[in-house]
Amino acid sequence: MSETSHTIYTPPADLVATAHVSGFAAYEALCKEAEADYGAYWGRLARELISWKKPFTQTLDDSQAPFFKWFADGTLNVSYNCLDRNVERGLGNKTAIIFEADGGEVTKVSYSQLLAKVCQIANGLRSLGVKKGDRVVIYIAMSIDGVAAMQACARIGAIHSVVFGGFSAQSLRDRINDTGAVAVITADCQVRGGKQLPLKAIVDEALALGGCESIQNVLVVKRGGNAISMTEGRDKWMADVADAQPTTCEPEWVEAEHPLFLLYTSGSTGKPKGVQHSSGGYLLHAALTTKWTFDLKADDVFWCTADIGWVTGHSYITYGPLALGGTEIVFEGVPTYPDAGRFWKMIQDHKVSIFYTAPTAIRSLIKAAEANDAVHPKSYDLSSLRILGSVGEPINPAAWEWYHKHVGGGRCPIVDTFWQTETGGHMITPLPGATPLVPGSCTLPFPGITTAIVDETGNDVPNGQGGILVVKKPWPSMIRTIWGDNERFVKSYYPAELKGYYLAGDGAIRDEKTGYFTITGRIDDVLNVSGHRMGTMEIESALVSHTELVAEAAVVGRPDDTTGEAICAFVVLKRPRPTGDEAKAIAKILRDHVGKEIGPIAKPKDIRFGDNLPKTRSGKIMRRLLRSIAKGEAITQDTSTLENPAILDQLSENN
Ligand code: 6R9
């Protein structure tokens, strides 16, 4: 359970004076406008923020709920909205992206240059036969090329699916297979923390695993110049495909509901879900939240530290800031290289004014700063900052206060933004010039978003009483379906007992007096490790796929000071229970195996071996007991249904 503090921070007067949403009354007025005529509210904003090729005549179509449609008879192009439109309104020479490489080299591109690059890639993709509706998997590190590749797909109506560069060949294969992609865009390598890590070689490995027969082309961006193998007929250098192409490219005008991208995320079963987003509704919310939550203005320098492999990178790097004609940072490296002052140095060097990062990064940088003044924010000039943001997991009040005081100099509001891959953009968040802040609370719903807390039957629970977080009405940037699995979409997000509300999968509580929301954590079998969603079942399947060693495995989370939650695995081997050095050696083999199956982020921190797992008489694993053991707590729960009580002592021993 996360706690909230009781200190209240009111928005700074100078910010209130100039903010897009200025003062709490303005926030309330927007909420009222949405409540009074929901369709008209979203319709107004969709006309104001997006250029439509063909204007829509209907906002929400709920005739096939929960398969909602927004702005369905309108047509647009997302890349046109992010690039051409800005050039047309005179921002051609404005810097769109300031890219800082791992080693510190800086490259800037203007809106005109980015548009030209995107057009060349788009033309290159078209020349290879990639067309509207085709899926393109992007497996590349943080780069201008990565953002441009996504925009190029959007330009020709191809549906991108970005796979985070930390995922293994097996995970990449599974995603390529599920999307049925025709092409992969990758790089020869990625550079992180001074090291080159392979990308193209992993694509080769993924494709060799089989099941990726739909792939016709692999396009490789040159990053490190490392030796790679090229398969004749299939693999091409991006430069050879794109550089000679014209720098203009007619956009594909697509219907608002045309899928813009698929992004895989963990659910409570083993198989990741391909979350499908639309073009019109998604772009609207990405742009609108960037405008109101971050109060983005023409002269801001915006920096979202997320990777484009996660939804935060999609909405707040590739789409939102560009749709508004903003200037943003794209950073290739890691926060601790060459030292843990890197973020602060970059804020100083680039005069960043809006900074958006994850609690896990803040917590690890606090530790480093407390140990070494040289990497403490006080050793840098951070006076350019005006707004700070947090995303991905609950931010504990102590980390919030530190972030506010030492990074924000006590002047900058922190927007603690609650949202999900499925929601496309912010759902519950303060607006910096409007909402008084309480550390540990994501405060109130974004105007027009109808979050609520209910019980198992969908009835509202009173403030002060925790429950299930739902969204009562559909909203423009919501998930449209799980790619290829409408049934799973309905089951996961619109369970029959919840009265047609969207089920977020998180628990939450509202403050009795203020109605402020605090997220209390997932209510399903999904863990949040350093802000990354990991399904316990996914990790369990990875463990049992080591068929030589593993008979059975159960995975739970336990609280961790830095990463929020840590993965703890209980494993029954096909051989006698190991102890001491043998246990350590096998734990390493299994950790590496999970790294290979899913990716390094899924490696369990703790692996414990038992002769068995605690089970009910009907054979169900009692995870609540495992959670207590993982935390090192005494077992106080009822164990009367447990078939094999002695196993608890054995699993509690550290081996
Ligand atoms: C954007 C993103 C979604 C899950 C979500 C919740 C947790 C995200 C949060 C937060 C508390 C916040 N979460 N933001 N919990 N406070 N401000 O992170 O998407 O990777 O899909 O994760 O993350 O548990 O359900 P995603």
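Below is a table of values for the structure above.
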| read-out | value |
| --- | --- |
| Those residues of the stretch 182-197 which are of a type outside the set (Gly, Ala, Ser), under 15 Å from ASP102 (Cα atoms) and open to solvent by 10 Å² or more (accessible area, probe 1.4 Å), in sequence order | GLN190, VAL191, ARG192, LYS195, GLN196, LEU197 |
| Breaking point among (1) in a loop (DSSP other than H, G, I, E, B); (2) over 21 Å from ALA122 (Cα atoms), for SER51 | (2) |
| Hits in the stretch 422-443 (condition: within 14 Å of the ligand (Cβ to nearest atom), over 21 Å from VAL311 (Cα atoms) and of a type in the set (A, V, I, L, M)) | LEU437, VAL438 |
| Search result, residues across the stretch 118-138 that are in contact with a helix residue (DSSP H, G or I) (Cβ under 9 Å, 6 or more places away or on another chain) and surrounded by fewer than 23 Cβ atoms within 10 Å (Cβ to Cβ) | ASN123, ARG126, SER127, LEU128, LYS131, LYS132, ASP134 |
| Inter-residue pairs, beta-carbon under 7 Å, first of a type in the set (Phe, Trp, Tyr) and open to solvent by 40 Å² or more (accessible area, probe 1.4 Å) and in the stretch 1-22, second at pLDDT 95 or above and not in a loop (DSSP other than H, G, I, E, B), 6+ apart | TYR9/LEU437 |
| Test: residue in the stretch 314-325 that is under 30 Å from ALA434 (Cβ atoms), aromatic (Phe, Trp, Tyr) and more than 13 Å from the ligand (Cβ to nearest atom) | yes |
| Criterion (touching a His at 6+ places or on another chain (Cβ under 7 Å) and surrounded by 22 or more Cβ atoms within 10 Å (Cβ to Cβ)) met by exactly one of ILE347, ILE329 | ILE329 |
| Selection within the stretch 95-123 - in a strand (DSSP E or B), out of contact with any Leu (no Cβ under 6 Å at 6 or more places or on another chain) and closer than 25 Å to PRO251 by Cβ | THR95, ILE97, PHE99, LYS108, VAL109, SER110 |
| Test: THR107 is closer than 22 Å to ALA40 by Cβ and surrounded by fewer than 22 Cβ atoms within 10 Å (Cβ to Cβ) | no |
| Pairs with Cβ under 6 Å, 6+ apart, first in the stretch 339-355 and free of Cβ contacts under 8 Å to residues at least 12 places away in the same chain, second open to solvent by 10 Å² or more (accessible area, probe 1.4 Å) | ARG342/PRO335 |
| Number of the condition not met by PRO394 [criteria: (1) within 12 Å of the ligand (Cβ to nearest atom); (2) open to solvent by less than 40 Å² (accessible area, probe 1.4 Å); (3) of a type outside the set (A, V, I, L, M); (4) over 18 Å from PHE302 (Cα atoms)] | (2) |
| Any chance THR179 is buried (at least 22 other Cβ atoms within 10 Å of the Cβ), over 22 Å from GLU538 (Cα atoms) and among the hydroxyl-bearing types (Ser, Thr, Tyr) | no |
| Conditions (1) touching a Phe, Trp or Tyr at 6+ places or on another chain (Cβ under 6 Å); (2) away from the ligand (no atom under 16 Å from the Cβ); (3) in a helix (DSSP H, G or I); number of the one not met by ILE362 | (2) |
| Any pair with Cβ under 8 angstrom, 6 or more apart, that starts in the stretch 234-263 at a residue that is in a loop (DSSP other than H, G, I, E, B) and ends at one that is among the small types (Gly, Ala, Ser) and surrounded by fewer than 16 Cβ atoms within 10 Å (Cβ to Cβ) | GLN245/SER127; HIS258/GLY133 |
| Flag for GLY500 being within 30 Å of ILE366 (Cβ to Cβ), within 28 Å of the chain's Cα centre (by Cα) and away from the ligand (no atom under 11 Å from the Cβ) | no |
| In the stretch 397-421, the residues that are in contact with a helix residue (DSSP H, G or I) (Cβ under 6 Å, 6 or more places away or on another chain) and away from the ligand (no atom under 16 Å from the Cβ) | TRP402, HIS406, VAL407 |
| Test: GLY309 is within 22 Å of ILE601 (Cβ to Cβ), in contact with a strand residue (DSSP E or B) (Cβ under 8 Å, 6 or more places away or on another chain) and surrounded by fewer than 16 Cβ atoms within 10 Å (Cβ to Cβ) | no |
| Every pair of residues 6+ apart whose Cβ atoms lie under 7 Å, when the first sits in the stretch 484-510 and is more than 18 Å from LYS271 (Cβ to Cβ) and free of Cβ contacts under 8 Å to residues at least 12 places away in the same chain while the second is among the aliphatic types (A, V, I, L, M) and surrounded by fewer than 22 Cβ atoms within 10 Å (Cβ to Cβ) | PRO495/LEU503 |
| Residues (part of a strand (DSSP E or B), within 9 Å of the ligand (Cβ to nearest atom) and of a type outside the set (Ser, Thr, Tyr)) located in the stretch 518-531 | ILE519, GLY521, ARG522, VAL526, ASN528 |
| Candidates ALA602, ALA634, ALA585 - the one that is more than 23 Å from GLY521 (Cβ to Cβ) and among the small types (Gly, Ala, Ser) | ALA585 |
| Filter result for the condition that a residue is on the phi < 0 side of the Ramachandran plot, open to solvent by 20 Å² or more (accessible area, probe 1.4 Å) and hydrophobic (A, V, I, L, M, F, W, C), over ALA340, ALA399, ALA434, ALA368 | ALA368 |
| Which listed residue is free of Cβ contacts under 8 Å to residues at least 24 places away in the same chain and out of contact with any strand residue (DSSP E or B) (no Cβ under 6 Å at 6 or more places or on another chain), from GLN170, GLN151, GLN113 | GLN113 |
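For (1) modelled with pLDDT of 95 or more; (2) over 22 Å from VAL275 (Cα atoms); (3) touching a strand residue (DSSP E or B) at 6+ places or on another chain (Cβ under 6 Å), each residue gets a yes or a no:
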position	(1), (2), (3)
PHE418	yes, no, yes
GLY433	yes, yes, no
CYS442	yes, yes, yes
PHE446	yes, no, no
ILE453	yes, yes, yes
LEU469	yes, no, yes
PRO476	yes, no, yes
ILE479	yes, no, yes
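The values are calculated or read from the model by the stated rules, or taken from the named source; none is laboratory data. Bear in mind the structure is a predicted one, so any value in this text is a computation, not a measurement. Don't worry about glycine lacking a Cβ; one is built from the backbone with ideal geometry, like all the others, and counts go over all protein chains shown. Accessible surface areas use protein heavy atoms only, side chains included; no ligands, DNA or RNA. Shrake-Rupley method; radii C 1.70, N 1.55, O 1.52, S 1.80 Å.
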